[in-house]
Amino acid sequence: MTDFELGPGMLSPDQRLALAREWDELLDEIQGVPGFEDFLRPPSYEALLPASAEGPVIVVNVSRWRCDALIVTSAGVATVPLPGLSLEDAHDRLVGHLHALEVLETAVQKWETAKSARREGDHKSILDLQSAGRARGTAAVMVETALGETCEWLWDAVVAPVLPYLPIPEVSAESPRVWWCPTGPLALLPIHAAGRGDDWLADMVVSSYTPTLRGLVEARSRDVDRAAARDRFLLASTMPEGAALGEGPLAGLDRTDLIDCSTREATLAGLSEARYVHFHCHADQNLQDPAQGGFQLDDDVIRVFDLAELALRGEFAGLAACKTAVGGTELLDESITLAAALHYSGFRHVVGGLWIVAEDAAASVFSSVYTELAATGRFLPDESARALATAVNDLRRSGEELHRWAPFIHIGP
């Protein structure tokens, strides 16, 4: 055996063994405390079945060895092989998808800059705006083409094989709810928008997402004590009030229960009082370091880790738009969206976008969603998945382009 010298920070085998024993002893001690019996243990099969209490949960497992859909229902788990899906193909689709979005986001930013710089009588500024407008149009076509191909691929590789296992009614009736729990590269792709030809998943089911089965179980079991606090609605916005929500939803809410703020300190303070929050400001999601994603208010940024430190137990968060900061493709298989990060931070229901959306499309969707949720005079977030599905389907059926309606998702029970 060749002798070698341990480098700085390296542990000897005896030291590693001692630390492993200490870890096991500490873990045994913690698991012996009442209420902590399952600490760091994987959840049992029986503990996860309640995730499907209101509809099937489809876990899409993507690995280099094989890909399957695990369909969790109250009766058990069915395994559906997905021979048309591979890790390599999913990764390549995601990289192409994100590249097209990055090109569009850059083109939109340049167009907005040119629009702000345009001056009457200034021939150069007018030409710059026209050029930026053409580039934006070209980028939109690129995204639409790439997204269309991706949604067809998602239909063929993921959705079509599991359709026979979903409770889709044969006659016209209320669409059933399903929950998607994608893994790897699929976590950033719009499974809910899958379709080919005249067949669209959105016409068949109301899709929601959950980052994990355990998270969905916990969200379902959380007690909502409506008597404990007023139903206060926080509007964290750097935009005019009408642009943020529209007059319809605001008219349905008690104005005394609306907290309107645009600064970091005021927003953080308001979050402790509010059950619901709507972020209508510039937002960045960092796919490699989700905790660094956040919301740009008038004076400073609220990061995801700021929200996590508050240990929030909010009922609803709405995210009007966000810019995707990729910064490379090395860690995309482990990325989560900003909407998912909000859910992890303590918001039971989250409605947001997988990528940046047009201002008018976001205004249309959120106005429709909030009008529906506030129709009784009280905000009812448990209906947010169906309200979003209705709003997005209306947008889709009106002839809107795919990249304008496909980003909107619901996360939660």
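Out of the residues in region 337-348 meeting the condition of being over 8 Å from the mean Cα position of the chain (by Cα) and assigned to a loop (DSSP other than H, G, I, E, B), tell me which one is modelled with the lowest pLDDT.
For region 337-348, the residue satisfying everything is Ser345.
Return only the number of the condition from (1) surrounded by fewer than 17 Cβ atoms within 10 Å (Cβ to Cβ); (2) within 33 Å of the chain's Cα centre (by Cα) that Lys124 does not satisfy.
(2) is the only condition that Lys124 fails.
Scan (1) touching a residue at least 60 places away in the same chain (Cβ under 8 Å); (2) assigned to a helix (DSSP H, G or I) for the single condition Ala160 breaks and write down its number.
Result: Ala160 fails condition (1) only.
Could you say whether any residue in region 163-170 is crowded, with 17+ Cβ neighbours inside 10 Å and assigned to a strand (DSSP E or B)?
Going through region 163-170, the residues crowded, with 17+ Cβ neighbours inside 10 Å turn out to be 166.
Restricting the remaining residues to those that are assigned to a strand (DSSP E or B) gives none.
For region 163-170, residues crowded, with 17+ Cβ neighbours inside 10 Å and assigned to a strand (DSSP E or B): absent.
Say whether the condition of being under 29 Å from Thr106 (Cβ atoms), part of a helix (DSSP H, G or I) and outside the structural domain of Leu186 (by TED's automatic domain parsing) is met by at least one residue in region 350-359.
yes
Inside region 271-308, can you point out the residues that are closer than 25 Å to Tyr370 by Cα and loosely packed, with under 15 Cβ neighbours inside 10 Å?
Ser272, Glu273, Asp298
Under 9 Å between Cβ atoms, which residue pairs at least 6 apart in sequence (or on different chains) link something in region 106-127 that is over 18 Å from Asp284 (Cβ atoms) with a partner that is part of a loop (DSSP other than H, G, I, E, B) and at pLDDT below 80?
Between residues of region 106-127 that are over 18 Å from Asp284 (Cβ atoms) and residues that are part of a loop (DSSP other than H, G, I, E, B) and at pLDDT below 80, the close pairs are Ser125/Arg118; Ser125/Arg119; Ile126/Arg118; Ile126/Arg119; Ile126/Glu120.
(1) outside any loop (DSSP other than H, G, I, E, B); (2) outside the structural domain of Leu338 (by TED's automatic domain parsing); (3) modelled with pLDDT under 90: which one isn't true of Trp180, the others all being true?
Tallying (1) outside any loop (DSSP other than H, G, I, E, B); (2) outside the structural domain of Leu338 (by TED's automatic domain parsing); (3) modelled with pLDDT under 90, Trp180 fails exactly one: (3).
Inspect region 234-254 for any residue being within 23 Å of Thr371 (Cα to Cα), at pLDDT 75 or above and not hydrophobic (A, V, I, L, M, F, W, C) and give the result as yes or no.
yes
Which pairs do you get when a residue that is not assigned by TED's automatic domain parsing to the domain that holds Ile336, found in region 185-198, comes within reach of a residue that is assigned to a strand (DSSP E or B), reach meaning Cβ atoms under 6 angstrom, with the pair 6+ apart or on two chains?
Once the first residue is not assigned by TED's automatic domain parsing to the domain that holds Ile336 and sits in region 185-198, its partners that are assigned to a strand (DSSP E or B) give Leu186/Val60; Leu186/Val62; Ile191/Trp180; His192/Ser207.
For Val178, work out the one condition from (1) among the aliphatic types (A, V, I, L, M); (2) under 24 Å from the mean Cα position of the chain (by Cα); (3) surrounded by fewer than 17 Cβ atoms within 10 Å (Cβ to Cβ) it doesn't fulfil.
If we test Val178 against (1) among the aliphatic types (A, V, I, L, M); (2) under 24 Å from the mean Cα position of the chain (by Cα); (3) surrounded by fewer than 17 Cβ atoms within 10 Å (Cβ to Cβ), just (3) comes out false.
Please work out if Glu330 is part of a loop (DSSP other than H, G, I, E, B) and at pLDDT 75 or above. Outline the logic, then answer.
On the way: part of a loop (DSSP other than H, G, I, E, B): yes; at pLDDT 75 or above: no.
Judged against the criteria, Glu330 is not a match.
The values are calculated or read from the model by the stated rules, or taken from the named source; none is laboratory data. Since the model is a prediction, treat every value here as computed from it, not as a measurement. FYI the Cβ positions are ideal-geometry reconstructions off the backbone, even for glycines, and counts take in every protein chain you see.
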